[in-house]
Amino acid sequence: MKARFTKIAAGAAAGALVCALALTGCAGGSQGGSGASSQEDAIELQILAANSLEKAMDEVQALYTEQTGVQFADTQYEGSGTLVEMLVGGAYADALITASAATMDSAEEDGLVDPASRFNMFTNDLVLAAGMNSPISSLTLQDLASGEHTLAVGDANVPAGTYAKQALTTTDPQCWIAADGSRGAECSGKEGTFDGTPLQGKVTEGSSVGNVCQYANSGDVDIAMVYSSDVYRFGNVKIVGVTPEDSHKKIVYPAAVCKTAEHADAAKAFLDWAFTSEDAIKIWQEWGFEIASK
């Protein structure tokens, strides 16, 4: 904390001496501990981030603290839809990073983030993953239309799940049917059904990508549809196929400073550093993320 000094008009010699001693005492007190810390050192940022970012984000934040002194509160990792619900419910955050444009759109429409601060941080691939001991070594999205495999996808609060459902509308026959009849990237992936498709009764929906991966790892299902970064993060699953990019909306991770942020400038500085620092980029890539185009 910066010391505040008050100008004292010159007066009687005795008065001046008293004031001087008082100022000296204040200065001595501020130096008696570990020393005055900068305003930046005292900052503690609260971040809300998509589940899939957890391990990489923890490393990036630790590096940022080491380089700048900025601290982080207990970063909250949840499904992107849940993060927005938390903010709607009054949760505090300095910055929000979601795993889909749609969830950040909702946050922006609800006035929860500063639109001017919003940008896309990462891109990702939607993959077909199987347990490490699975005999399946190669599989295409179209292969799921045979109905020979059980599947796990994320629920409505998990962006990877909505991308999966978008992709599943493009198979022949369709493996997921949108309520409005839309397909592929034109589909929201939110409202629809597996009933009447080759996957009817063969799909398990998880509340997080971690759960989805676990279903495949344990053998509860044959295939999980998750991000490529989830395979790096959780292990015990292997990529056996990649969905066509045009079968779903482009997978991006938008970031933005929250409207109620008490440390808006510091939050923006962190997001900018995490997006541009070579050290940070190296960490993101080690965990399967690619930096979005500037």
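Structure values in brief
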quantity: Ala179 vs. criteria modelled with pLDDT of 95 or more and within 20 Å of Val242 (Cβ to Cβ); calculated: no
quantity: Odd one out for Ser80 among (1) open to solvent by less than 10 Å² (accessible area, probe 1.4 Å); (2) under 15 Å from Pro254 (Cα atoms); (3) modelled with pLDDT of 95 or more; calculated: (3)
quantity: Residues satisfying the stated conditions in the range 83-96, i.e. farther than 24 Å from Glu191 by Cα, of a type in the set (A, V, I, L, M, F, W, C) and either buried (at least 19 other Cβ atoms within 10 Å of the Cβ) or modelled with pLDDT under 95 (or both); calculated: Ala93, Ala95, Leu96
quantity: Any hit, the range 97-120, residues being of a type outside the set (D, E, K, R), at pLDDT 95 or above, within 12 Å of Ala49 (Cβ to Cβ) and touching a Cys at 6+ places or on another chain (Cβ under 8 Å); calculated: no
quantity: Close pairs (9 angstrom Cβ cut-off, 6 or more residues apart or separate chains): more than 12 Å from Ala266 (Cβ to Cβ) in the range 64-76, among the hydroxyl-bearing types (Ser, Thr, Tyr) and open to solvent by less than 60 Å² (accessible area, probe 1.4 Å) anywhere; calculated: Gln67/Ser277
quantity: First in the range 212-223 and free of Cβ contacts under 8 Å to residues at least 60 places away in the same chain, second anywhere and crowded, with 22+ Cβ neighbours inside 10 Å, Cβ under 9 Å, 6 or more apart; calculated: Gln214/Ala152; Gln214/Gly206; Gln214/Ala224; Gln214/Val237
quantity: Residues of the range 50-73 classified as within 22 Å of Leu87 (Cβ to Cβ) and not small (Gly, Ala, Ser), total; calculated: 10
quantity: So Ala27, is it of a type outside the set (Val, Ile, Thr), open to solvent by 60 Å² or more (accessible area, probe 1.4 Å) and modelled with pLDDT under 95; calculated: no
quantity: Residues satisfying the stated conditions in the range 159-175, i.e. within 28 Å of the chain's Cα centre (by Cα) and open to solvent by 30 Å² or more (accessible area, probe 1.4 Å); calculated: Thr170
quantity: Which numbered condition Gly11 misses (of (1) modelled with pLDDT under 95; (2) surrounded by 12 or more Cβ atoms within 10 Å (Cβ to Cβ); (3) in a loop (DSSP other than H, G, I, E, B)); calculated: (2)
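The values are calculated or read from the model by the stated rules, or taken from the named source; none is laboratory data. Small disclaimer: the values here were computed from a predicted structure and weren't measured. Quick reminder, even Gly has a Cβ in these numbers, built from the backbone with ideal geometry, and neighbours come from all protein chains shown. Areas reflect the complete protein model, heavy atoms only, side chains present, ligands, DNA and RNA absent. Shrake-Rupley method; radii C 1.70, N 1.55, O 1.52, S 1.80 Å.
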